[in-house]
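Reading through the structure tokens given below for one structure.
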Amino acid sequence: MAALVQVLGTLAVLVTLSGSYRLFSFFFDDPLFSGLVAAAVTVAFMIAFPVVTTALGLAVLVAPLVVAYRYRDRLPSTPALPALPDLSGLFDEGLGSSTGETGGQRCPNCGATNDQLNRHCDDCGALLVGGDA
Ligand SMILES: [Zn+2]
């Protein structure tokens, strides 16, 4: 078990080292300088590892509390989801134009699209073609 911990620790150090190197080589053109900075950061990280771990753990625990505290005044009045725009008209038009006659029947009087089962137009009340009065 101790061997596994050592392997994982070595792996973590290598990942930290390579990650730091890539990060710093992004900012600094000199690869040697980037390597030195990355090595220094990695050593500092290894020395401060318990502190860093504790700090990160505390941050993870405290973050939700901080967020809840910051937005405490919004919670009661704000709905869980933002109001959706009314797209029903758009949807109906899209449906009617894409499916043609099968989506409904068009009023011969006013041109409104009605449900297939309607006998009379919802808009103007005219008798629809195909409906037997
Ligand atoms: Zn009509």
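Looking at Gly131, Gly103, just one residue is surrounded by 12 or more Cβ atoms within 10 Å (Cβ to Cβ) and modelled with pLDDT under 65, and that residue is Gly131. Out of Ser88, Ser20, Ser98, one residue alone is in the same structural domain as Gly9 (by TED's automatic domain parsing), more than 16 Å from the ligand (Cβ to nearest atom), under 35 Å from the mean Cα position of the chain (by Cα) and modelled with pLDDT under 85. It is Ser20.
Please indicate, with yes or no, whether at least one residue in the range 65-84 is at pLDDT 85 or above and of a type in the set (Lys, Arg). No, the conditions are met nowhere in the range 65-84.
The values are calculated or read from the model by the stated rules, or taken from the named source; none is laboratory data. Just so it is clear, the structure is predicted and the values come from calculations on it, not from any experiment. When we count neighbours, we look across all protein chains shown, and the Cβ atoms used for this are built from the backbone with ideal geometry, even at glycine.
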